[in-house]
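The structure under discussion appears below in the form of structure tokens.
The values are calculated or read from the model by the stated rules, or taken from the named source; none is laboratory data. These figures come from a predicted structure and were not determined experimentally. All Cβ positions, even for glycine, are placed from backbone atoms using ideal geometry, and neighbour counts span all protein chains on display.
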Amino acid sequence: MDLEPNGDEQQVIDATADFLAGAMPLERFRSANEGRFDETTRTQLAELGWFGMGVAEAAGGFGFSAIEETLVFREIGRHLGPTAVLPIALAAKLAAEAGDLALARDIASGGHSVAFAVNDPNREASLLFDWHGADLALCVDGDDARLVSLAGIDVEPGACLDRSVGLGRANLDEARSLVSAPRALTERSGRLFTAAMLVGIAEAVTDMIAEYAKIRFTFGKAIGSYQAVRHPISDMKTRAFAARQQLFLAAVSCRDETSDAAMQSTGAKLLANDAAMANVDANIQLHGGIATTDEHDAHYFMKRANVLVRLFGAKTAADDLNNMAFAA
């Protein structure tokens with residue numbers, strides 16, 4: 001990649017997009033389980049190798065670089081694929097980094113579901129994202145990233161703004177630690193891949209409103225012909241492009257292990273936060289009243305963006321995360 005995907009990388013994009021479009025359409029969010037990650041989906045994605053993309057073949061993975069991983073997560077964001085792929089993939093990388101290749105292989109093959117633990121400063125507990133069905137939790141706090149067992153841990157279930165993301169709250173002080181390693185690699189990868197999903201969202205809603213602006217007519221003209229619509233869409237495109245280019249630069253930096261890789265991934269997350277949040281809002285505003293209804297898909301992108309911006313580098317205060325994401 002020279003800040004744009006090459007032929008092989010485009011094949012990764014196309015294969016991921018084709019699978020998600022066919023197997024995980026947005027209609028699944030209107031099903032009885034509201035699109036939640038389940039064992040069937042985990043088995044399906046494990047067979048595709050998504051959990052071990054960045055893990056060496058000796059640890060049961062594909063040995064992909066940060067670039068291919070980033071491109072897959074970008075498509076997961078664009079199609080609102082399961083967020084649970086992120087903690088599972090990071091857990092496999094952490095186990096491999098810690099030298100537990102057997103555990104890494106088990107996670108990569110779909111043998112475990114992993115929740116992502118975020119410290120709740122308002123209570124002596126952690127918020128567990130993608131908790132439903134998880135037997136492990138990925139904790140990135142203090143000096144180390146840890147993978148802990150949820151066996152015997154009481155979890156208080158809750159409701160997330162994005163209902164496809166099972167959310168709970170638990171005290172993990174007594175949780176048994178399986179592996180740990182310095183947090184730098186896990187944190188850097190987490191920021192990069194979360195940024196990738198947010199960039200995918202920013203691009204998806206830009207495409208959504210651009211298409212709508214061609215077919216929605218008022219006063220005999222497509223609404224895209226009016227400056228009040230055309231100019232905000234241009235702004236959306238510009239934000240998504242800037243965030244995408246920073247994302248690609250960060251992916252190259254992480255692949256090459258440059259000295260500024262951590263800074264580049266942080267920059268990618270900040271730009272992706274801004275682009276996704278501004279674009280999902282503009283998408284709803286420009287669609288008008290139809291986008292405020294449950295029948296329209298716009299609110300799914302808004303809800304997913306609100307969850308992802310709060311992971312690995314939140315823009316909002318921790319109490320906002322607690323109040324907006326969790327409801328007992």
- Tell me which residues, restricted to region 1-16, are over 16 Å from residue 53 (Cα atoms) and hydrophobic (A, V, I, L, M, F, W, C). 1, 3
- State the number of residues belonging to region 237-295 that are part of a loop (DSSP other than H, G, I, E, B) and either closer than 14 Å to residue 305 by Cα or of a type in the set (Asp, Glu) (or both). 4
- Would you mind finding the one in 20, 48, 94 that is surrounded by fewer than 24 Cβ atoms within 10 Å (Cβ to Cβ), among the hydrophobic types (A, V, I, L, M, F, W, C) and under 29 Å from residue 257 (Cβ atoms)? 48
- In region 282-300, is there at least one residue being more than 18 Å from residue 229 (Cα to Cα), touching a residue at least 40 places away in the same chain (Cβ under 8 Å) and in contact with a helix residue (DSSP H, G or I) (Cβ under 6 Å, 6 or more places away or on another chain)? yes
- Task: For region 43-64, name all the residues that are touching a helix residue (DSSP H, G or I) at 6+ places or on another chain (Cβ under 8 Å) and assigned to a helix (DSSP H, G or I).
- Result: 44, 45, 46, 48, 50, 51, 52, 58, 59
- Please give the strands (runs of 3 or more DSSP E) falling wholly within region 94-209 in which 1 or more residues are in contact with a His (Cβ under 9 Å, 6 or more places away or on another chain) and farther than 25 Å from residue 251 by Cβ. 114-120, 136-141, 156-158, 167-170
- Item | Those residues of region 175-199 which are within 9 Å of the chain's Cα centre (by Cα) and closer than 16 Å to residue 303 by Cα, in sequence order | 194, 195, 197, 198
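One line per residue, one yes/no per condition, for (1) exposed (fewer than 15 other Cβ atoms within 10 Å of the Cβ); (2) modelled with pLDDT of 95 or more; (3) not charged (D, E, K, R):
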site	(1), (2), (3)
181	no, yes, yes
192	no, yes, yes
196	no, yes, yes
204	no, yes, yes
208	no, yes, yes
216	no, no, no
226	yes, no, yes
